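The values are calculated or read from the model by the stated rules, or taken from the named source; none is laboratory data. All values derive from a computational prediction rather than experimental measurement. As a convention, Cβ positions derive from the backbone with ideal geometry for all residues, glycine included, and neighbour counts pool all protein chains shown. For accessibility, only protein heavy atoms count, side chains too; no ligands or nucleic acids. Shrake-Rupley method; radii C 1.70, N 1.55, O 1.52, S 1.80 Å.
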Amino acid sequence: YSNPDVDHLIEEGRRTVDQQRRRQIYGEVQSILARDLPYINLWYMDNVVVHSARVQNLQLGPSADYNFLTTVALAR
């Protein structure tokens with residue numbers, strides 16, 4: 001992420017000792033970052049299921065957590 005305005009504001013925030021001015025500066029930085037959204041999610045939940053026909057009641061939910069294991073059963 002490269003934004004000369006943000007870089008300038010961060011430097012200004014570092015230099016000032018006036019807490020009220022610093023609060024304004026970093027508030028502006030946060031507003032710019034909220035608008036630009038300078039990040040990419042590097043990790044996300046994903047479940048891939050491979051199972052045999054003996055496994056019953058297997059239903060994956062959209063949250064990709066492991067709660068689905070509470071309803072799983074094995075057939076005899």
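Worth a mention:
- Peptides 68-75, 35-42, 20-27, ordered by how many other C-beta atoms sit within 10 Å of their residues on average, highest first, read 20-27, 68-75, 35-42.
- Placing +1 on each Lys and Arg Cβ and -1 on each Asp and Glu Cβ, with no other charges, gives the chain a dipole about its Cα centre of roughly 400 debye.
- Using a probe radius of 1.4 angstrom, the carbon and sulfur fraction of the accessible surface of the chain is 53%.
- Computed extension length for T71-V50: 5.9 nm, one decimal, from 0.36 nm per residue of separation with the Cα-Cα distance subtracted.
- In degrees, nearest ten, helix 4-15 long axis to first principal axis of the chain (Cα): 70 degrees
- Rg ratio (alpha-carbon, reference 2.2 N^0.38 Å) - the chain: 2.13
- Value of [θ]222 nm, deg cm²/dmol, for the chain, DSSP H segments ≥ 4, -39500 (n - 2.57) each, nearest 500: -13000 deg cm²/dmol
- Average Cα contact separation per residue, the stretch 14-76, under 8 Å, 6 or more apart, as relative contact order %: 25 percent
- Taking every protein chain into account, the accessible area of the chain amounts to 88 square angstrom per residue (probe 1.4 Å).
- Nearest 10 degrees, 0 to 90: helix 19-36 Cα axis against the chain principal axis: 50 degrees
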